[in-house]
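Worksheet: the structure to be examined is printed underneath.
Quick note: the coordinates plus some simple rules give every number you see, no bench work behind them. Bear in mind the structure is a predicted one, so any value in this text is a computation, not a measurement. Note: ideal-geometry Cβ built from the backbone for every residue, glycine included; neighbour counts use all protein chains shown.
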Amino acid sequence: MMILRESIVMKIHYGTALGAVFLTVIHILMRMTQDFHESLQYENVIANYQMIGYAIMLELLLILISVHGFNGLRVILLEMRQGPTYEKAVTYGCIASMAILIAYGSRTIIMTSMGMV
Amino acid sequence: MSELNQEISQEKSQTVLSPTKSVKLRISRSNPEVNSEERFDEFVIPVEKYTTVLDAILNVKSHLDHSVAVRYSCRQASCGSCGMKINGKPALACFTKVVELNTDTITVEPMDNFPIVRDLAVNFTRMFNNHKKIMPYVVREDSEIKPDTGVKEILQTPEDVDKYIQFSSCIKCGLCNSACPTMAMDTSFVGPQALAQAYRYIADTRDKGKDNRLKIIDDSHGIWRCHFAGSCSQVCPKGVDPAMGIQLLRSYLLGLRD
């Protein structure tokens, strides 16, 4: 069963790639505002999460990379083997894995930004 | 009399003969209907300046081993029947001269990504099915022939023709599909041959079947599975560039062209 037309999926794939590259560049630039060893200190990491703008950016980055990565994995798996049952399992498996990863990552971001960690 | 003989013997021949040399021809032999064994049979055959690989194989077939299975027809790169791997590269046997290969050993194998029928002959069913699937004909409601008014011409400018003409040269030899790395993995992939032909008809201004064709190739095993290796374009004996056709088709699906 086709959930979306493949062209729409691939537009999302290319769009998420561009978005992820853009946000990763911002993320790396943010790291450069302080020394590398300082940026990984516990207090600084927590402080970053508690900046609402930065937390939103991390959440977006998580979504973009998850969508792009799991669609890439789906494409690789579809090329490796074929068959209706297998293809359905791969598609729904990738969507479920993506949703679980986003939910788990979002939980971390939300809890940390709200000072629950 | 003896003087005359001497004169004749000293006379220079007007016929220039190309030097004959010999090459070793290694032919892949297999018959999947009997067993999965694959072996190479070797034959030493004389070749001349204009001997093609197909000539060499037919020489073997005529004089050394009649059982070699090879598909061929026109011998002039028009029918697309004699596609095979020659020294590891997909090529038409009738369009490849032995001397151009610059080697004394020539290995011929059946094309990759096609089921083997026997020896060098492969089964084209999948390729032809994919070709049929993309509707390889001009789709339109009206006809060039009108019962009441006679013949109506559907005019095209030279620029209109330029958009698709190179893709019309496809002879369905299957070399592009054989060279395609995605075809090797994805048995449901539509393939560069069918995709190039989809572009050929979509780019034709007379055709009205664009939307249907785009729907057919916009599939999880359709156009998006091409990784642009470009090997299809490299091996085409007719100068068709399927890789470019695929990228142009993608631009339709991405909304970059109408």
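Taking 8 Å as the Cα distance limit and 6 or more residues as the minimum spacing, I'd like the relative contact order of segment B:173-258 as a percentage.
36 percent
What distance in nm separates the two pseudo spin-label positions at residue B:73 and residue B:143, each 7 Å out from Cα along the beta-carbon direction?
Spacing of the two 7 Å Cα→Cβ label points: 2.7 nm.
Of the listed pairs B:163/B:208; A:11/B:215; B:132/B:215; B:21/B:89; B:208/B:238, which have alpha-carbon separations greater than 21 Å here?
Over 21 Å Cα-Cα: B:21/B:89; B:208/B:238.
GNM on chain B, C-alpha springs below 10 Å: top fluctuator among B:169, B:36, B:78?
Largest GNM mean-square fluctuation: B:36.
Gain in length, residue B:104 to residue B:187, computed as 0.36 nm per residue apart minus the alpha-carbon separation, to one decimal in nm?
Extra length from residue B:104 to residue B:187 when fully extended: 26.3 nm.
Would you kindly calculate the translational diffusion coefficient of the protein assembly as shown, applying Stokes-Einstein with the Kirkwood radius from alpha carbon pairs, for 4 °C and a viscosity of 1.567 mPa s, and quote it in µm² s⁻¹ without decimals? All intermediate terms of the calculation are to be shown ahead of the outcome.
Details: Rh = 25.7 Å.
For the chosen part, D equals 50 µm²/s.
One-quarter of the Cα convex hull surface for segment B:207-258, in nm²? Kindly include the intermediate steps, with their values, before the conclusion.
On the way: hull surface 17.0 nm².
Averaged projected area of segment B:207-258's Cα convex hull equals 4.2 nm².
Which of the trypsin sites (Lys or Arg not before Pro) found in segment A:49-117 are in a DSSP loop and have at most 16 neighbouring Cβ atoms, other than their own, within 10 Å? Could you put the intermediate results ahead of the total?
Numbers: sites: A:74, A:81, A:88, A:107; in loops: A:81.
Loop-located and lightly packed - A:81.
Determine by what factor the alpha-carbon radius of gyration of segment B:79-213 differs from 2.2 N^0.38 Å, reporting the quotient.
Working: Rg = 18.6 Å, N = 135, 2.2 N^0.38 = 14.2 Å.
After normalising by residue count via 2.2 N^0.38 Å, the value is 1.31.
In degrees between 0 and 90, to the nearest 10, how far off the longest principal axis of chain A does helix A:84-113 point, with axes built from Cα atoms?
10 degrees
With contacts defined as alpha carbon pairs under 8 Å and 6 or more residues apart, what's the relative contact order of chain A in percent?
For chain A, the relative contact order is 35 percent.
So if R0 is 30 Å, what FRET efficiency would residue B:40 and residue B:20 give, r being the distance between their Cβ atoms, rounded to the nearest 0.05? Intermediate values should be presented prior to the final figure.
On the way: r = 24 Å, r/R0 = 0.81.
In this case the efficiency is close to 0.80.
If pairing requires two Cys Cβ atoms under 4.7 Å apart, which cysteines of chain B are left without a partner?
Those would be B:82, B:94, B:170, B:173, B:180, B:226, B:236, since no other cysteine Cβ in chain B comes under 4.7 Å of theirs.
Measure nothing but the geometry: give the 0 to 90° angle between the long axis through the Cα atoms of B:192-202 and the longest principal axis through the Cα atoms of chain B, rounded to 10°.
50 degrees
For chain B, just run the numbers: alpha carbon Rg, then divide by 2.2 N^0.38 Å, N being how many residues it has.
In units of the 2.2 N^0.38 Å rule of thumb, it is 1.31.
For residue A:31 and residue B:169, what is the calculated FRET efficiency with R₀ set at 45 Å and r taken between the beta-carbons, to the nearest 0.05?
Result of the calculation: an efficiency of 0.25.
Where Rh denotes the Kirkwood radius from the mean inverse Cα pair distance, what is Rg over Rh for chain A?
Rg/Rh for chain A comes to 1.08.
Could you pull out the longest piece of chain B with no exposed loop chymotrypsin sites (Phe, Trp or Tyr not before Pro) in it, calling a site exposed if DSSP puts it outside H, G, I, E, B and it has at most 14 other Cβ atoms within 10 Å? Provide the component values of the computation, followed by the final result.
Numbers: sites that count: B:50, B:137, B:228.
For chymotrypsin sites (Phe, Trp or Tyr not before Pro) (loop position, at most 14 other Cβ atoms within 10 Å), the longest site-free span of chain B is B:138-227.
Given R₀ = 30 Å, what would the calculated FRET efficiency be for residue A:89 paired with residue A:111, taking r from the Cβ atoms and rounding to 0.05?
Efficiency, from the Cβ-Cβ distance: 0.40.
Kindly give Rg over Rh for segment B:21-122, based on alpha-carbon atoms, with the Kirkwood expression for the hydrodynamic radius.
The Rg/Rh ratio comes out at 0.93.
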